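Presented below is the structure to which this report refers.
The values are calculated or read from the model by the stated rules, or taken from the named source; none is laboratory data. Model, not experiment: these values are computed from the prediction. Positions of Cβ are backbone-derived with ideal geometry, glycine not excepted, and every protein chain shown enters the neighbour counts.
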Amino acid sequence: MTNEDHEALFESLLNGSLPDDEGRFGPFGGRYVPETLMPAIDRLTAGVHRYLPDAQFQQELQSELKSWVGRPTALTHAPRLSDRWGAEVWFKREDLAHTGAHKINNTIGQALLAKALGAQRIVAETGAGQHGVASAAACARVGLPCTVYMGEIDVARQAPNVDRMHRLGAEVVPVTSGDRTLRSAIDEAIRDWVSDPKGNYYLLGSAIGPHPYPYLVRELQAVIGREARTQLLERTGLPDAAFACVGGGSNAIGLFHGFLADRSTALFGVEAGGRGVELGQNSATLASGRPGVLHGTHTMLLYDDDGQIQETHSVSAGLDYPGVGPEHALLQLVGRVEYVTASDDEALAALDECCSLEGILPALESAHALAGAKQWAAANRGKRILVGMSGRGDKDMPILADYPVNRSKGSVDAAA
Ligand SMILES: *Cc1c(COP(=O)(O)O)cnc(C)c1O
């Protein structure tokens, strides 16, 4: 493809003609699903086109976002971090949203959609449990029963989130097949969904999967970037660069969308560099993956030379996914967004810095965005930088216990 082809694809994305009717974002996206799934997908697609633009639906959604989720979330200036980095740093505070992360924007939106579609029950899947918790909360709020599929291994290592889902009224089904983590949980949730496509609604947690999910989730998360842009213009001006962490890519696509047309704003997705560049040691799908099909969509993936999807690693469970949303694959292809990595160690260091300089404990996922921003700031002095603070880090305390703050090496405060 030539540069003109890339530019044309990007223009199509900007003017809303992508994704097309088949859900394609240029060469990526689509619906690679068995025939048995098509009735459910068609039903959902019709519902998305009917209800998302509907005034009454939007009014209900906006009201829930305001009074239940707590939107708009704050835009916070980070003065001490700014001094340290030689930049003007701002945080978009999704950590302040109900249940502690951006995920709730998507789950309340889809729960309302399920209700509008007349579904009787919601099925969801979860890996680390954050999407399960946000789904359980949203289902309780709209009054629909919720079944969450979760790999048996994840059930064991994320016990507090399992308890939280139970408290919020959800049924948690441990999945004992396949890899017994997120990938097999998704397979089980889909199996449940197709068994009754009318009565069931499948609430997918990121901007991944077959069309219309990547589009639907992006539309529900785009509130992040819309708010951030308005807030920045009120307080200072457009950023020179914006950073968001990328697992499946939902908080990042939500943040980026507000700024896609602002070409003066460089956009960076930060993936989990984990322990290193070797396959299996990271979760850097866009930085080191190859095109392929996973969970119904054509996108960038991590797989070996035999085509086997790779186990991934990241200190942050929410970034640990071997695929990525197809819209990100397109944004990388056309060059509008650059995808970089931050290692486990860099993310942990950025987390400590943010805690001690700004009094904010970010999620380990969000700490990757901070680490990416810090690297860029070091090479680009005096710039205005927006960082998507996708969630709060309280959930990560058990993991952080393995990484005590090293005061003797000089806390970031002492070094200031
Ligand atoms: C789940 C999660 C992520 C990763 O998901 P995306 O779909 O890539 O946004 C990032 N940050 C937090 C706090 C999360 O809970």
### Summary
The helices (runs of 4 or more DSSP H) lying entirely within the range 118-167 that contain at least 1 residues which are in contact with a helix residue (DSSP H, G or I) (Cβ under 6 Å, 6 or more places away or on another chain) and within 16 Å of the ligand (Cβ to nearest atom) are 130-142, 159-167
## Note on the structure
Glu22 vs (1) free of Cβ contacts under 8 Å to residues at least 40 places away in the same chain; (2) part of a loop (DSSP other than H, G, I, E, B): all pass except (1)
### Task
Mind telling me which of the residues Gly335, Gly323 ends up being crowded, with 24+ Cβ neighbours inside 10 Å and touching a His at 6+ places or on another chain (Cβ under 8 Å)?
Gly323
### Query
When the range 1-19 is examined, which residues are found to be surrounded by 14 or more Cβ atoms within 10 Å (Cβ to Cβ) and in a loop (DSSP other than H, G, I, E, B)?
Leu18, Pro19
### Wholly enclosed strands (runs of 3 or more DSSP E) of the range 171-276 bearing at least 2 residues within 19 Å of the chain's Cα centre (by Cα)
200-203, 241-245, 266-274
### Task
Go over the candidates Ala124, Ala128 one by one and state the one that is under 16 Å from the mean Cα position of the chain (by Cα), under 30 Å from Arg157 (Cα atoms) and modelled with pLDDT under 95.
Ala128
### Query
For Gln310, which of the numbered conditions (1) surrounded by fewer than 24 Cβ atoms within 10 Å (Cβ to Cβ); (2) in contact (Cβ under 8 Å) with a residue 60 or more places away in the chain; (3) farther than 19 Å from Pro27 by Cβ fails to hold?
(2)
### Message
Within the range 36-50, does at least one residue satisfy the condition of being surrounded by fewer than 18 Cβ atoms within 10 Å (Cβ to Cβ) and of a type in the set (A, V, I, L, M, F, W, C)?
### Response
yes
#### Entry: Residue under evaluation His257, criteria (1) buried (at least 24 other Cβ atoms within 10 Å of the Cβ); (2) touching a Lys or Arg at 6+ places or on another chain (Cβ under 8 Å), criterion not met
(1)
### Query
In this structure, is Asp54 charged (D, E, K, R), surrounded by 13 or more Cβ atoms within 10 Å (Cβ to Cβ) and closer than 30 Å to Glu188 by Cα?
no
### Message
Suppose the filter is of a type outside the set (Asp, Glu), at pLDDT 95 or above and crowded, with 24+ Cβ neighbours inside 10 Å; does Ala379 pass it?
### Response
no
### Message
Need pairs with beta-carbon distance below 8 Å; first residue under 13 Å from Ala140 (Cα atoms) and within the range 109-120, second among the basic types (Lys, Arg); sequence gap 6+ or separate chains.
### Response
Ala111/Arg141
#### Entry: Residues that are closer than 11 Å to Thr126 by Cα and loosely packed, with under 14 Cβ neighbours inside 10 Å, drawn from the range 139-172
none
### Message
Criterion first (surrounded by fewer than 23 Cβ atoms within 10 Å (Cβ to Cβ) and within 15 Å of the ligand (Cβ to nearest atom)) does Leu75 satisfy it?
### Response
no
### Subset tally (residues that are farther than 23 Å from Pro19 by Cβ and more than 16 Å from the ligand (Cβ to nearest atom)) for the range 228-264
13
### Message
Looking only at the range 299-314, count every residue that is away from the ligand (no atom under 16 Å from the Cβ), more than 26 Å from Ile399 (Cα to Cα) and either assigned to a strand (DSSP E or B) or in contact with a Pro (Cβ under 7 Å, 6 or more places away or on another chain) (or both) and tell me the total.
### Response
1
### Message
Against the definition (surrounded by fewer than 24 Cβ atoms within 10 Å (Cβ to Cβ), modelled with pLDDT of 95 or more and among the hydroxyl-bearing types (Ser, Thr, Tyr)), how does Ser343 come out, yes or no?
### Response
yes
### Query
Can you pull out the residues in the range 265-294 that are within 16 Å of the ligand (Cβ to nearest atom) and of a type in the set (Ser, Thr, Tyr)?
Ser283, Thr285
#### Entry: Count of the range 173-186 residues which are at pLDDT 90 or above and surrounded by fewer than 20 Cβ atoms within 10 Å (Cβ to Cβ)
4
### Query
Quick one: Gln221 ticks every box in (1) touching a residue at least 60 places away in the same chain (Cβ under 8 Å); (2) surrounded by fewer than 24 Cβ atoms within 10 Å (Cβ to Cβ) bar one, so which box is it?
(2)
